[in-house]
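The values are calculated or read from the model by the stated rules, or taken from the named source; none is laboratory data. Worth saying up front: this structure is predicted, and the values here are computed from it rather than measured. Here the Cβ positions follow ideal geometry from the backbone for every residue, glycine too, while neighbour counts run over all protein chains shown.
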Amino acid sequence: MADQEMTLLEQLEKESRAKQAKFIGGIAEKLGRKDIAQKPQHPFRGAPDFWTQLNWTQEEKIERFMDNWQSVGGHAARFQTMEEAKQFIVDRANELGAQNLIRQNQPELNELGLEEALPATDIRVWNSDPEEYWKAQAAGADIGVAVVDHAIAYTGTITVWSSPDKGRSVTLLPTVMMAIIPVERLKTRMGEVMEKIDGMRRDDLPAGIHFITGPSRSSDIENDLTIGVHGPGIVYALIVG
Amino acid sequence: MSHGQQAGTVKERSHIALNNEFLRKAVKFTTERLRNGKKKATDEHGNWEEWRERGRQIRLHTIAHLDYYLNQFVENARANGVHVHFAADGKEAVELSMKIAASKQARSVVKSKSMVSEELHINAALEKMGIEAVETDLGEYIIQLAGETPSHIIIPAIHKNRYQIAELLSKEAGETLPADTSILAGFVRRKLREKFLDAEIGMTGCNFAIAETGSMVLFENEGNARMVSTVPKTQITLMGMERIIPTFADLEVMATLLPRSATGQKLTVYMSAISGPKRDADADGPEEMHIIIVDNGRSLQLGDPEFQELLNCIRCGACLNACPVYRHIGGHAYGGTYSGPIGAVLTPALQSNVAEWDDIANASSLCGACYEACPVKIPLHDMLVYLRNRKVEKGYGQTAEKIGMKGFAAIMSNSKRMRSVIKMGQIGQKLVARQGMIKTKIGPLKGWNSVRHLPSLPNQSFRERWGTLEQEVQASNPKMSDEVRQRMEQALEQRKNGGRHHG
């Protein structure tokens, strides 16, 4: 980073700290307080009580998730084993004639052996080489494969959390996204995922937490639904277990 | 600070809209689609009133303790590695953005949809510095090419048809593109991919900011906000100071209310929570992240009992879709950054100068549909009345109206005066009344008679007829049966003795 830039950031930081007291003090004053409020009682935290009691059975969760995912234009399938899921990915990749595939650097995917099963496809593993420009690799990929961190049945949503081994680009830039959902990560409500995030230590908090509910879409031209505007237009949710 | 006010009155601007047949149909179609979508989604979800109430409680609580929660957010965002800045007004926010952009020697900025950035007119400022500013939301990109402003908070290019869009995009492509939605969208996808990869800076708005974790949250369907917050090296987020909620648990409530109210979706395709720049070992995400917290008139509503709840707004647009006035005149007639019922209240409320208050507060039927639609129960129709009140109190009412009201009071408070005025009217109208109607547009009758006709005064007024009317009523009443009369008399007797009575 250039020296000049550093000084600007330092200078802005100084200004920000100086301004903070005035800015937030002004808010306190408008609210009729002399000093900034102490931690208030927080009686209405999160969803209403009746909602937090909702918990579906595993079969119900799977069925509702698949319905929701399909109703917004996604494809969903269910498998008993990872081996079956792998075969599905291999078949689709061959069918689509995928030349480039990028996948997260996750243990489940390392064990899958996609590389051997798709010898004609150039398969890259996210952030496996520090010299590589990984965003461009993801942008050039036909298919991105990831194992999700959680899924939510009620809304038909998957969540993917960023880390050195899990790029945000892998679920965003390729034309096709394939998301593997280990069945024990499938929850009924969003609140179950939120609880986990609220309970995290700062050091563990991922920089990017993404909730994805189907293919990228827009209705901006004459209300006409268009799929795949910026993000992947073809999305597969593969429930395993 | 101007809020993008356009010239002319609401009436003049709405005439442009009313004359544009396509716009009217498009607005009607879109608002109905969104409104029906909302109804279906909320019915299916169930217990909607309980959710609304919970949403209101969370927003009320946060705003009532905004000093605490904003401070908490700032400290936590800093701990995540974010550079936090404060801007008292639009000018300061623009200056801060420009300083950051200049230090990065940026040539290009990609932007995802942000109403705050519309408030600040940041694109014009960037372009003045020779920096290209590219809107990347499909609708925003289209209206940027057309050099226009958004007409709907959720569907900004609601007023353009596919042929107009094809023409705009063809110019950009350097070849003729057919007016086919998927081809047009495909062109934009390719074109903007290049822009995302070229840009030094990504600029976003902020739907919610979470105090306990210092995260900012974006809701979107296209993926462009994810692009803007993933690809460029520097991210600048413009955030209204009231966007705060305490925890992720509270985000579940907002995520339940916002998409269902906006488009009828269970959840937008993408909901992203960004907590600081990329971690050292991450291979994507911004290396440097700035959040500019913007006041720009918002604090004027704090501590104001009539308008503080405006800060609860979650920018879903449901009030626009519910509003009979919006459906007829469209967004541009409102003349500010925000349109519809929320815009009618918010635009003047964000300005401190009463004299600049627009006449838009009068373009409302006060039917309350906006309140019914609002997922956090902001009483917008009441606020419109307060706004009219204040305008009159501060002396910005119409002089003619004031004189008229005084005269009316003088006449009505005296029966002799009333009688003679009616008599004068009955004689005077003989010049202009034809077949029971007055159609002339002279003097004070112009406004009324240009869209409808005034019925003439009857030859005999109600007051004049009262004497004979009373006799007629008496005579036509059938005689009361003895039994009923007895009961009535008894009841009357009881009341005299202090018995219970209704009401």
(request) Provide a single number: the residues in the range B:88-103 that are among the aliphatic types (A, V, I, L, M) and either touching a Lys or Arg at 6+ places or on another chain (Cβ under 9 Å) or surrounded by fewer than 19 Cβ atoms within 10 Å (Cβ to Cβ) (or both). (result) 3
(request) Being facing chain A (nearest Cβ under 7 Å) and closer than 17 Å to B:Leu70 by Cα is the filter here, so list the residues in the range B:275-291 that pass it. (result) B:Ser275, B:Gly276
(request) Answer with yes or no whether B:Lys195 is under 27 Å from B:Ser103 (Cα atoms), within 12 Å of chain A (Cβ to nearest Cβ) and in contact with an Asp or Glu (Cβ under 9 Å, 6 or more places away or on another chain). (result) yes
(request) Could you tell me which of the residues A:Glu29, A:Glu13, A:Glu115 is assigned to a helix (DSSP H, G or I) and away from every other protein chain (no Cβ under 11 Å)? (result) A:Glu115
(request) Looking for whichever is more than 23 Å from B:Arg107 (Cα to Cα) and either surrounded by fewer than 24 Cβ atoms within 10 Å (Cβ to Cβ) or without any contact (Cβ under 8 Å) to a residue 40 or more places away in the chain (or both) here; the options are B:Lys266, B:Lys233. Which one fits? (result) B:Lys266
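Here's the yes/no breakdown for (1) outside any loop (DSSP other than H, G, I, E, B); (2) away from chain B (no Cβ under 11 Å); (3) farther than 20 Å from B:Ala249 by Cα:
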| position | (1), (2), (3) |
| --- | --- |
| A:Thr159 | yes, no, no |
| A:Leu173 | no, no, yes |
| A:Met178 | yes, yes, yes |
| A:Ile181 | yes, yes, yes |
| A:Glu184 | yes, yes, yes |
| A:Glu192 | yes, no, no |
| A:Lys196 | yes, no, no |
| A:Met200 | no, no, no |
| A:Asp203 | yes, no, no |
(request) Can you tell me which residue among A:Glu108, A:Glu131 is closer than 19 Å to A:Trp161 by Cβ and surrounded by fewer than 19 Cβ atoms within 10 Å (Cβ to Cβ)? (result) A:Glu108
(request) Check off (1) part of a loop (DSSP other than H, G, I, E, B); (2) among the small types (Gly, Ala, Ser); (3) closer than 15 Å to B:Lys111 by Cα for B:Ala133 and give me the number that stays unchecked. (result) (1)
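Table: residues versus (1) within 12 Å of chain A (Cβ to nearest Cβ); (2) on the phi > 0 side of the Ramachandran plot; (3) surrounded by fewer than 24 Cβ atoms within 10 Å (Cβ to Cβ).
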{"residue": "B:Ile293", "(1), (2), (3)": "yes, no, no"}
{"residue": "B:Arg298", "(1), (2), (3)": "yes, no, yes"}
{"residue": "B:Gln301", "(1), (2), (3)": "yes, no, yes"}
{"residue": "B:Pro305", "(1), (2), (3)": "yes, no, yes"}
{"residue": "B:Asn312", "(1), (2), (3)": "no, no, yes"}
{"residue": "B:Pro324", "(1), (2), (3)": "no, no, yes"}
{"residue": "B:Gly330", "(1), (2), (3)": "no, yes, no"}
(message) So, A:Ala93, is that one touching a residue at least 24 places away in the same chain (Cβ under 8 Å) and assigned to a loop (DSSP other than H, G, I, E, B) or not?
(response) no
(message) Take A:Asp3 and tell me if it is modelled with pLDDT under 95 and loosely packed, with under 13 Cβ neighbours inside 10 Å.
(response) yes
(request) Please find, among B:Val451, B:Val432, the residue that is in the same structural domain as B:Gly404 (by TED's automatic domain parsing), of a type outside the set (Phe, Trp, Tyr) and in contact with a strand residue (DSSP E or B) (Cβ under 6 Å, 6 or more places away or on another chain). (result) B:Val432
(request) Please note which helices (runs of 4 or more DSSP H) are completely contained in the range B:21-129 and include at least 1 residues that are among the small types (Gly, Ala, Ser), under 23 Å from B:Glu140 (Cα atoms) and in contact (Cβ under 8 Å) with a residue 40 or more places away in the chain. (result) B:21-45, B:90-103, B:115-120
(request) Could you tell me whether B:Ile142 is surrounded by 24 or more Cβ atoms within 10 Å (Cβ to Cβ), within 13 Å of another protein chain (Cβ to nearest Cβ) and either β-branched (Val, Ile, Thr) or out of contact with any helix residue (DSSP H, G or I) (no Cβ under 6 Å at 6 or more places or on another chain) (or both)? (result) no
(message) With the requirement that a residue be touching a Ser or Thr at 6+ places or on another chain (Cβ under 8 Å) and over 18 Å from A:Ser71 (Cβ atoms), what does the range A:203-219 give you?
(response) A:Leu205, A:Pro206, A:Ala207, A:Gly208, A:Ile209, A:His210
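Yes/no per residue for (1) touching a residue at least 12 places away in the same chain (Cβ under 8 Å); (2) closer than 30 Å to A:Lys187 by Cα; (3) basic (Lys, Arg):
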| residue | (1), (2), (3) |
| --- | --- |
| A:Ala28 | no, no, no |
| A:Lys34 | no, no, yes |
| A:Ala47 | yes, yes, no |
| A:Ser71 | yes, yes, no |
(message) For B:Ala249, only one of the following conditions fails: (1) more than 9 Å from chain A (Cβ to nearest Cβ); (2) surrounded by fewer than 24 Cβ atoms within 10 Å (Cβ to Cβ). What is its number?
(response) (1)
(request) For the range B:255-267, enumerate the residues that are of a type outside the set (A, V, I, L, M, F, W, C) and at the interface with chain A (Cβ under 7 Å from one of its Cβ atoms). (result) B:Lys266
(request) Pull up the range A:161-171, narrow it to residues that are within 7 Å of chain B (Cβ to nearest Cβ) and in a loop (DSSP other than H, G, I, E, B), then point me to the one that is farthest from the chain's Cα centre (by Cα). (result) A:Pro164
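Quick grid of which residues meet (1) out of contact with any Cys (no Cβ under 9 Å at 6 or more places or on another chain); (2) outside the structural domain of B:Ala79 (by TED's automatic domain parsing); (3) part of a helix (DSSP H, G or I); (4) of a type outside the set (D, E, K, R):
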position	(1), (2), (3), (4)
B:Ala283	yes, no, no, yes
B:His290	yes, no, no, yes
B:Leu311	yes, yes, yes, yes
B:Arg315	yes, yes, no, no
B:Asn321	yes, yes, yes, yes
(request) Specify the residue that is farthest from the other protein chains (Cβ to nearest Cβ); the eligible residues are those in the range B:205-236 that are in contact with a Cys (Cβ under 9 Å, 6 or more places away or on another chain) and over 21 Å from A:Gly228 (Cα atoms). (result) B:Met216
(request) Could you pull out the residue among B:Gly186, B:Gly202 that is within 13 Å of chain A (Cβ to nearest Cβ), closer than 20 Å to A:Leu173 by Cβ and touching a Lys or Arg at 6+ places or on another chain (Cβ under 8 Å)? (result) B:Gly202
(request) Output the residue which, of all residues in the range B:441-462 that are of a type outside the set (A, V, I, L, M) and touching a Leu at 6+ places or on another chain (Cβ under 9 Å), is surrounded by the most Cβ atoms within 10 Å (Cβ to Cβ). (result) B:Trp448
(request) May I ask you to list the residues in the range B:62-86 that are within 9 Å of chain A (Cβ to nearest Cβ) and among the hydrophobic types (A, V, I, L, M, F, W, C)? (result) B:Ile63, B:Ala64, B:Leu66, B:Leu70, B:Val74, B:Ala79, B:Val84, B:Phe86
(request) Being within 12 Å of A:Lys166 (Cα to Cα) and surrounded by fewer than 20 Cβ atoms within 10 Å (Cβ to Cβ) is the filter here, so list the residues in the range B:280-291 that pass it. (result) B:Ala281
